[in-house]
Each structure stands twice: as C-alpha cells, then as structure tokens.
Amino acid sequence: SMARESLQQQQARARTILRQLRKTYPDAKCELDWSTPLELAVATILSAQCTDKRVNLTTPALFKKYRTAQDWAAVPQATLEKAFHSTGFFRNKAKNVRALMARLDAEFGGELPGDFDVLVSLPGIGRKTANLLVATVFGKPGLVVDTHFIRLSNRLGFVKNETDATKIERELAKIVPPPDWTDWSHRMVWHGRRRCFARKPDCLNCSLADLCPSAGKAAAK
C-alpha cells in the first residue's frame, strides 16, 4: 500500500502524478496578473487569505497609479488600506507593502532581488511568497506551499496529517526533483481549485484517483 512507500516509490509516484497533471492541465501557471516583479510582489502579498480572482480585480487600477518602489512607499497607510480593503487583512497588507517598498527603494535600487534568502528577510515576504517570486520572476526552482499544496500533499499521502508549510516543503523537496518544483506547485494549485476541493473533492472525475490513497474516502467523510 502507499502507506509504507519507500522514498524511491514516493519519487516514482510523484513523477507519474506530475505527468498526469501536465496532461490534465497543460496551461497551469501562476494565476495572479502582473507585468513587473514589483507588481507580482504586491499581488502575492494581497493573495494571503484571498482568492487570486479578487486580487486580480483589485490590482489593475493600483498598478496604473503606482509603478516604482518609491511610488508605493510614499502612499499614506490609510490610502493603501482603503485600496486593499476588499482583499481582507488590509491593515497588515498595507503596512507590509509600504515597508517592503521602502526597503527595496533604500537598499536595492527599487528592484526586487532574485535571491531567496534575501527575499525572506524582507517585510511581508515569507517562504511561500519568496518561492513564488523566485520561481515565477526569476525562473529558479521554488516549492510554493499554499493551502492547496498543503491539502493535496496530505491527501496524496506524501505527508501525514501535516499542516506546517515548512515541514511539507522539506518533505516534498526530497520527493520531487528541483527542476520540477515550480511545475509541481502550479499544478497542485490548479488541481486543488478545479478538482480536489477542500470540502467535497471530485474523486469521481479525478485523473489522479488511481495514484491517490484518499480517492473516494475523502468524499465519503
């Protein structure tokens, strides 16, 4: 059974899963709209506890108005809170965006650095955001462990009752080879949004059913 898989068996199953997901979702990519690295940084901060759809409704007007790190850093907190209001947690998000942009302006010539360790040291950027940025902007491997990634890692039996994103990132980094990290992340999110729902996963129509120890069980719960 999948419960007693060796690491090699897990790696082989992960390869098969990724092959299948590439067939099922050939277009999988980051669903946040952006055209500059700074825009993606803002969109990613806004996407915490919020849908990408909602973020994509909020950002176009702001991206027209604020273009440089200096522009963003100069916006008064209250103005930004109002602009971010519909995405939830708007006080924190406004504070983080302003602090991030001030740092980028002061220390990085207004550019987003491409180094993971530098990124995670910046305001408002945790491991998930840093991984998304290095993967999406800089084309480096990144495991983007969001709520879909966490749910699917458990359902697919690669971790057991684990909700800690950093622990899941470490486990999956052993199972999925680095060149596939970004691809794996995007496809986990797409599959989570389109098939493996939090409440009622659509196991019946799932292309991974025969590779998944939870198939059919989650639906019964």
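The values are calculated or read from the model by the stated rules, or taken from the named source; none is laboratory data. Remember, it's a predicted structure, so these values are computed and weren't measured experimentally. Here Cβ is always computed from backbone atoms with ideal geometry, including for glycine, and neighbour counts include all displayed protein chains. Quick note on the areas: whole protein, heavy atoms, side chains included, nothing else; ligands and nucleic acids left out. Shrake-Rupley method; radii C 1.70, N 1.55, O 1.52, S 1.80 Å.
Couple of notes before you dig in:
- Subset of segment 209-221 [without any contact (Cβ under 8 Å) to a residue 12 or more places away in the chain and either part of a loop (DSSP other than H, G, I, E, B) or of a type in the set (Ser, Thr, Tyr) (or both)]: Lys221
- Residue match in segment 168-177 (condition: over 18 Å from the mean Cα position of the chain (by Cα), farther than 18 Å from Gln8 by Cα and in contact (Cβ under 8 Å) with a residue 60 or more places away in the chain): no
- Matching option when the condition is over 13 Å from the mean Cα position of the chain (by Cα) and either at pLDDT 95 or above or surrounded by fewer than 21 Cβ atoms within 10 Å (Cβ to Cβ) (or both), among Val134, Val118, Val145: Val118
- Residues that are within 17 Å of the chain's Cα centre (by Cα), surrounded by fewer than 17 Cβ atoms within 10 Å (Cβ to Cβ) and not in a helix (DSSP H, G or I), drawn from segment 178-208: Phe197, Ala198
- Matching entry among Thr68, Thr87 (being β-branched (Val, Ile, Thr) and surrounded by fewer than 18 Cβ atoms within 10 Å (Cβ to Cβ)): Thr68
- Conditions (1) under 30 Å from Gly110 (Cβ atoms); (2) open to solvent by less than 30 Å² (accessible area, probe 1.4 Å); (3) without any contact (Cβ under 8 Å) to a residue 40 or more places away in the chain: number failed by Ala165: (2)
- Among residues of segment 103-123 that are under 18 Å from Ala43 (Cα atoms), those with a Cβ under 6 angstrom from a residue that is aromatic (Phe, Trp, Tyr) and part of a loop (DSSP other than H, G, I, E, B), sequence gap 6+ or separate chain, pair up as Gly114/Phe138.
- For segment 119-155, filtering for residues that are hydrophobic (A, V, I, L, M, F, W, C) and out of contact with any helix residue (DSSP H, G or I) (no Cβ under 7 Å at 6 or more places or on another chain) leaves 1.
- No other residue among Arg67, Arg91, Arg54 is basic (Lys, Arg) and not in a helix (DSSP H, G or I) apart from Arg67.
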